[in-house]
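Working notes for the structure below.
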Amino acid sequence: MEMEERDFVVFTDDDGNEFELDVLGYFEYEEQEYAILSDVQEDADAEEDYEVYIMKVVVDGEMEEFLPADEDKMDELVAIAEELLAGEDCDCEGDCGCEEEDCGCGCDCEK
């Protein structure tokens with residue numbers, strides 16, 4: 001079994017409490033980088049619902065800063081994030097023709 005390296009980010013809330021978010025992936029939209037984050041899951045393969053956050057990534061030298069995404073772009077960002085997250089469940093590695101309806105491979109990316 002191959003272990004996947006996971007990326008975590010520590011944030012501080014308004015009360016000074018620290019919490020960790022798991023970076024599920026990165027993507028670009030309109031020449032800006034965004035990150036998809038979620039609450040840290042003990043079992044990365046768990047089939048449970050979890051909160052997902054989309055944040056803008058701003059790089060300053062070697063530091064990455066995660067900022068709230070622009071509200072006026074949120075519909076587009078959510079659509080991209082949903083598409084990327086749906087592809088994670090595909091066991092066929094893109095060789096099944098899932099873009100076609102009823103491809104028959106049984107993966108979660110069927111349309």
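Amide H to amide H, which residues 5 or more places from Ala69 or on other chains are under 5 Å from it, using H placed in the peptide plane?
Amide H to amide H, under 5 Å and 5 or more residues apart or across chains, Ala69 pairs with Lys56.
Please work out how much length the chain gains when fully extended from Tyr29 to Val58, using 0.36 nm per residue of separation minus the C-alpha to C-alpha distance, in nm with one decimal. Walk me through the numbers on the way to the answer.
Numbers: separation 29, 0.36 × 29 = 10.44 nm, distance 1.32 nm.
So the extension gain works out to 9.1 nm.
Would you pull out the residues with amide H under 5 Å of Glu33's amide H, same chain only if 5 or more places away, H placed 1.01 Å from N?
Val57
For the pair Glu65/Phe11, report the inter-label distance in nm, with labels modelled 7 Å from Cα in the Cβ direction.
Between Glu65 and Phe11, the label points sit 1.6 nm apart.
Every number here is computed from the coordinates shown, using simple stated rules; none is lab data. The structure presented is a predicted model; accordingly, all values stated were derived computationally and were not measured. No Cβ is skipped: glycine too gets one built from the backbone with ideal geometry, and neighbour counts run over all protein chains shown.
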